[in-house]
Amino acid sequence: MNLRDQLEAFEGRRYEAYPDPITGGAPWTIGVGHTGPEVHEGLVWNDDQIDAALTMDIENATQECIANFPWFVTMNEPRQAVLVGMVFQMGLDRALKFQRALANMRDEHWANAAEEMRQSQWCRQTPKRVYRLASQMETGEWA
């Protein structure tokens, strides 16, 4: 397992832009969870475009983690993938609101960090994803 495969398993791969399920419109999404000003109704991408956007989105989320969480680099790869995945899915601003979970990650209190993830509204919205990622955070193994 790796982050790229995990994100695609969670997000799916969509060749045609689709609306946000809550708003019925913006933000539009395409590829593997890619949003942005260039994504709009009727947009269609091929595999190369999807793969390029996914590579860029993972790199951007990873760089945001490195810049905002100095302890990020001390975590093992599966745990780093959880945090990058959080930033990828919800954006940095929303991920920063997980103050207790982040403090527990920083302090290497993995079970507490996982429990904070499970107790979140994020978990109520995407429970299968969060339970899997919480397990990964707790064990340090790919889930």
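None of the figures in this text is laboratory data; all of them are computed from the coordinates on show. All of these numbers come straight from a predicted model, not from anything done at the bench. Cβ: placed from backbone, ideal geometry, glycine included. Neighbour counts: every protein chain shown.
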Computed label-point distance, nm, for sites residue 128 and residue 99 using a 7 Å Cα→Cβ extension: 3.4 nm
Taking 30, 22, 50, 66 and counting other C-beta atoms within 10 Å, the order from fewest to most: 22, 66, 50, 30
Signed unit charges on C-beta, dipole axis of the stretch 3-139, positive-most listed residue 33, 131, 65: 131
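Which of the trypsin sites (Lys or Arg not before Pro) found in the stretch 91-139 are in a DSSP loop and have at most 14 neighbouring Cβ atoms, other than their own, within 10 Å? If you can, show how the numbers build up before the last one.
Working: sites: 94, 97, 100, 106, 118, 124, 128, 129, 132; in loops: 97.
Qualifying residues, ordered by number: 97.
Evaluated at 25 °C with a viscosity of 0.890 mPa s, what Stokes-Einstein diffusion coefficient in µm²/s does the stretch 8-143 have when Rh comes from the Kirkwood expression over alpha-carbon pairs? Please list the in-between numbers first.
On the way: Rh = 15.6 Å.
It comes out at roughly 158 µm²/s.
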Distance in nm between pseudo-label sites at residue 109 and residue 22 (7 Å out along the Cβ direction from Cα): 2.8 nm
FRET efficiency, residue 141 to residue 56 (Cβ-Cβ, R0 30 Å, nearest 0.05): 0.60
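What is the packing order of peptides 75-82, 7-14, taking the mean over residues of other C-beta atoms within 10 Å and listing the highest first?
Details: 75-82: 19.1, 7-14: 16.0.
Top to bottom by mean Cβ count within 10 Å: 75-82, 7-14.
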Farthest toward positive dipole pole in the chain [+1 Lys/Arg, -1 Asp/Glu at C-beta], among 104, 53, 43: 104
About the Cα centre, charge dipole magnitude for the chain (Lys/Arg +1, Asp/Glu -1 at Cβ), debye: 620 debye
